[in-house]
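Student: This is the structure I want to talk about, given as structure tokens.
The values are calculated or read from the model by the stated rules, or taken from the named source; none is laboratory data. Just so it is clear, the structure is predicted and the values come from calculations on it, not from any experiment. Every residue, glycine as well, gets a Cβ built from its backbone with ideal geometry; the counts of neighbours run over all protein chains shown.
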């Protein structure tokens with residue numbers, strides 16, 4: 001039986017890893033076109049979103065968990081910025097950018113709601 005960690009039950013983490021998969025697919029495509037730095041940066045920011053949610057879930061205090069969620073949101077915003085830049089450079093389709101930004105915004109709101117619930 002697999003070990004069950006607290007973060008695995010969090011909807012924000014589940015959404016974050018789904019988005020990470022999508023962002024990694026975009027990064028793989030960038031790498032195939034030899035845009036290695038863009039790919040590396042996108043992967044790092046994407047992974048940071050779910051990593052900070054999972055790291056924070058292991059914290060003893062609610063306040064500390066909320067701080068990790070803030071870092072997660074910042075990484076998420078970095079992913080949004082990368083999507084905009086990639087679309088401007090014609091490395092990402094506008095339709096893909098639009099869907100991605102919508103999903104990133106939804107996750108951002110969910111993370112913010114979890115932060116507020118922890119700090120009440």
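Student: Could you give me the residue pairs with C-beta distances under 8 Å whose first residue belongs to segment 1-23 and is surrounded by 10 or more Cβ atoms within 10 Å (Cβ to Cβ), whose second residue is part of a loop (DSSP other than H, G, I, E, B) wherever it lies, and which are 6+ apart or on separate chains?
Tutor: Close Cβ pairs (under 8 Å, with a partner that is part of a loop (DSSP other than H, G, I, E, B)) amount to 5/58; 6/58; 7/58.
Student: Can you find even one residue in segment 24-35 that is over 14 Å from the mean Cα position of the chain (by Cα), touching a residue at least 12 places away in the same chain (Cβ under 8 Å) and surrounded by 18 or more Cβ atoms within 10 Å (Cβ to Cβ)?
Tutor: There is at least one residue in segment 24-35 that is over 14 Å from the mean Cα position of the chain (by Cα), touching a residue at least 12 places away in the same chain (Cβ under 8 Å) and surrounded by 18 or more Cβ atoms within 10 Å (Cβ to Cβ).
Student: Assess whether residue 54 counts as being modelled with pLDDT of 95 or more, within 9 Å of the chain's Cα centre (by Cα), assigned to a helix (DSSP H, G or I) and crowded, with 16+ Cβ neighbours inside 10 Å.
Tutor: No: the conditions fail for residue 54.
Student: Looking only at segment 90-105, how many residues end up being surrounded by fewer than 12 Cβ atoms within 10 Å (Cβ to Cβ) and in a helix (DSSP H, G or I)?
Tutor: The total comes to 3.
Student: Taking only segment 1-10 into account, find how many residues are touching a helix residue (DSSP H, G or I) at 6+ places or on another chain (Cβ under 7 Å) and either in a helix (DSSP H, G or I) or under 15 Å from residue 83 (Cα atoms) (or both).
Tutor: So the answer is 2.
Student: Can you find a residue that is under 20 Å from residue 106 (Cβ atoms) and touching a helix residue (DSSP H, G or I) at 6+ places or on another chain (Cβ under 9 Å) anywhere in segment 27-36?
Tutor: no
Student: Same structure again: List pairs: first residue in segment 69-91 and at pLDDT 95 or above, second residue surrounded by 15 or more Cβ atoms within 10 Å (Cβ to Cβ) and outside any helix (DSSP H, G or I) anywhere in the structure, Cβ distance under 8 angstrom, at least six positions apart or on different chains.
Tutor: These pairs meet every condition: 83/92; 86/92; 91/35.
Student: Conditions first: (1) surrounded by fewer than 18 Cβ atoms within 10 Å (Cβ to Cβ); (2) over 14 Å from residue 13 (Cβ atoms); (3) within 10 Å of the chain's Cα centre (by Cα). Residue 47 passes all but one, so which condition is the exception?
Tutor: Failed condition: (2).
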